[in-house]
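The values are calculated or read from the model by the stated rules, or taken from the named source; none is laboratory data. All values reported here derive from a predicted model rather than from experimental measurement. Because the Cβ atoms are built from the backbone with ideal geometry, glycine has one as well, and the counts that use them run over all protein chains shown. These accessible areas exclude ligands, DNA and RNA; they are computed on the full protein's heavy atoms, side chains included. Shrake-Rupley method; radii C 1.70, N 1.55, O 1.52, S 1.80 Å.
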Amino acid sequence: MQAKKIKALIAKPGLDGHDRGAIAVSQALRDAGMEVLYTGIRQTPQHIVETAIQEDVDVLGLSCLSGAHMSLFKEVTSLLKKNKVKGLLIFAGGIIPDDDIPKIKKMGIKQVFPPGSPLSEIVSFIQKSAQKK
Amino acid sequence: MTPKQLTQKILKKDRLSLARFITLLENRDTKAIEALGDLYPKTGKAIRIGITGPQGVGKSSLLNQLIKEVTKQKKKVGVLAIDPSSALHGGAFLGDRIRMQSHTLNKNVFIRSMATRHNHKGLSSALHDAMTALDAFGCDVIFIETIGIGQDEIAISQLTDLSMLVLSPDFGDKFQALKSGLTETCDLLVVNKIDLPKSKQALATLKEMTYLPVLGVSSKKGTQISVLYKKIIQQYDALKKSKVLDFRRTNQQKAAIREKLEETLLSNFNQFWKDKKIQLEIDRLLQKKKNPNQITKKLSTKL
Ligand SMILES: Nc1nc2c(ncn2[C@@H]2O[C@H](COP(=O)(O)OP(=O)(O)OP(=O)(O)O)[C@@H](O)[C@H]2O)c(=O)[nH]1
Ligand SMILES: [Mg+2]
């Protein structure tokens, strides 16, 4: 039996084209020893969920700067439920008003990181909370 | 769900179970490896094709195009795309998939990225087993993309029905350097990016250097892709007809068994190497009480 690894998918749902943050998070997770996939910009919720299924990731990071996060996150989380994906740790990043955070957490998204969050904070959150398979 | 239950669901074409089972194989989970026994009898239908070549020549982009060709015929495709794990921190960036993601929502396509995780040949230790799972899942064609470091070229040709080496015209003068060993273990040479300048010359140079079929394509423009796919199928049919395929498939199993035994030996050896006795011997070396040959000889008797 080999050491298990945390596998993460960093995804950008919606229409904004800014992915510097998403790429920086991807690199930080990789440098912390994780296996990381990045979807690229402008991915649909269907696409993100199917990728998470085929790749059997432990962690899903959703980055959204377009303002459409509520509907996009809702769609991702309900598609995950519909497809019976279990044990996935989901976190979000991007420009998200404080008022939305409780509602986002209700969808099953564990943590929200505002812009400028230290990468080390995201890394240690994942290392603490992800369930390796 | 237990690995055994997962295999039953794989046979019923459940994607979630297939994905989870491959994870267990990557972890070399003993129960999952045992459960492969239920899948082996259902294998043999899939054509297994290896794609290798230096970094950045366009292997993933070419795969993206080839997947289109296969799915046009309503066939099922599985892809295993390997990327390197860092020796430093063990992390990996799995970057192949992004080039093929236009196929993600196609139910006839299943793409899975894998990191090498210190596999000593630059493949994935789960590669052969994951192909078994994809084959039993019902894939008609399985493509493997390797990281293209040279030594994985021979390894992948031993684990697939046929394999191709992808190069690009900007290699130009470097073709000569490739000649030693690289080009002859595969069945087909593909020069990608023929939309770039100087590609005619590059193709001509390469054709002079090898007896293998050489084909120029552009994955960016989609040029000659259907010709390439036809060529692959032709080669496969010829292998099948001449029974060379049976021979290769037996050898694939043999290579996979050898690979697993080698890994067991290596892991036993790594355990041995951690022993305190080794350090004691090394200390003697530092004190100049013994020379390296004497130490090697003594330790070799304990292996
Ligand atoms: N001009 C041109 N560029 C191409 C072609 N195919 C791929 N590329 C470009 O070459 C670069 C590398 O392509 P990939 O498909 O990722 O190459 P790869 O061999 O899979 O790379 P690694 O997996 O990192 O080894 C990308 O920028 C592609 O857009 C082609 O036919 N023509
Ligand atoms: Mg690639």
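Just a few scattered comments:
- Residue in region A:75-85 that is part of a helix (DSSP H, G or I) and basic (Lys, Arg) present: yes
- Output for region A:26-56, where each listed residue is closer than 19 Å to B:Pro84 by Cα and more than 9 Å from chain B (Cβ to nearest Cβ): A:Ala28
- Complete set of residues in region A:4-20 that are open to solvent by 40 Å² or more (accessible area, probe 1.4 Å), more than 8 Å from chain B (Cβ to nearest Cβ) and either under 22 Å from B:Pro84 (Cβ atoms) or among the basic types (Lys, Arg) (or both): A:Arg20
- Region A:64-89, subset in contact with an Asp or Glu (Cβ under 8 Å, 6 or more places away or on another chain) and at pLDDT 95 or above, residue least open to solvent (accessible area, probe 1.4 Å): A:Leu89
- For region B:148-158, taking the residues that are of a type in the set (A, V, I, L, M, F, W, C) and surrounded by fewer than 23 Cβ atoms within 10 Å (Cβ to Cβ), the one that is modelled with the highest pLDDT is identified as B:Ala155.
- Total residues in region A:26-60, condition hydroxyl-bearing (Ser, Thr, Tyr), open to solvent by 10 Å² or more (accessible area, probe 1.4 Å) and under 13 Å from the mean Cα position of the chain (by Cα): 1
- Residues (farther than 24 Å from B:Phe137 by Cα, polar (S, T, N, Q) and away from ligand 2 (no atom under 11 Å from the Cβ)) located in region B:55-95: B:Ser85, B:Ser86
- Subset tally (residues that are part of a strand (DSSP E or B) and among the small types (Gly, Ala, Ser)) for region A:6-64: 4
- Residues of region B:93-137 classified as among the charged types (D, E, K, R) and either under 11 Å from the mean Cα position of the chain (by Cα) or within 13 Å of A:Glu50 (Cα to Cα) (or both), total: 4
- Selection within region B:50-64 - at pLDDT 95 or above, surrounded by 24 or more Cβ atoms within 10 Å (Cβ to Cβ) and more than 6 Å from ligand 1 (Cβ to nearest atom): B:Gly50, B:Ile51, B:Leu62, B:Leu63
- Residue match in region A:101-122 (condition: of a type in the set (Gly, Ala, Ser), surrounded by fewer than 18 Cβ atoms within 10 Å (Cβ to Cβ) and without any contact (Cβ under 8 Å) to a residue 24 or more places away in the chain): yes
- Hey, A:Ile109 more than 11 Å from every other protein chain (Cβ to nearest Cβ), among the aliphatic types (A, V, I, L, M) and outside any helix (DSSP H, G or I) or not: yes
- Some residue of region B:113-127 being of a type in the set (A, V, I, L, M, F, W, C), part of a strand (DSSP E or B) and crowded, with 20+ Cβ neighbours inside 10 Å: yes
- All positions within region B:23-42 that are within 29 Å of B:Leu66 (Cβ to Cβ), buried (at least 18 other Cβ atoms within 10 Å of the Cβ) and either among the acidic types (Asp, Glu) or more than 14 Å from chain A (Cβ to nearest Cβ) (or both): B:Glu26, B:Leu36, B:Leu39
- Qualifying residues in region B:85-109 (those that are more than 9 Å from chain A (Cβ to nearest Cβ) and open to solvent by 60 Å² or more (accessible area, probe 1.4 Å)) - the one modelled with the lowest pLDDT: B:Ala87
- Applying the criterion of being of a type in the set (D, E, K, R) and farther than 23 Å from B:Lys243 by Cα to the residues of region B:134-152, the residue that is farthest from ligand 1 (Cβ to nearest atom) is B:Asp152.
- Flag: B:Lys72 does not match the condition of being touching a residue at least 24 places away in the same chain (Cβ under 8 Å) and either at the interface with chain A (Cβ under 10 Å from one of its Cβ atoms) or open to solvent by 10 Å² or more (accessible area, probe 1.4 Å) (or both).
- Taking residues in region B:184-210 that are under 25 Å from B:Arg248 (Cα atoms), and partners anywhere that are of a type in the set (Asp, Glu) and open to solvent by less than 20 Å² (accessible area, probe 1.4 Å), the pairs with Cβ atoms closer than 6 Å and at least 6 places apart or on different chains are B:Thr185/B:Glu153.
- Residue check, A:Ile23 more than 9 Å from every other protein chain (Cβ to nearest Cβ), surrounded by fewer than 22 Cβ atoms within 10 Å (Cβ to Cβ), touching a residue at least 24 places away in the same chain (Cβ under 8 Å) and more than 30 Å from B:Asp29 (Cβ to Cβ): no
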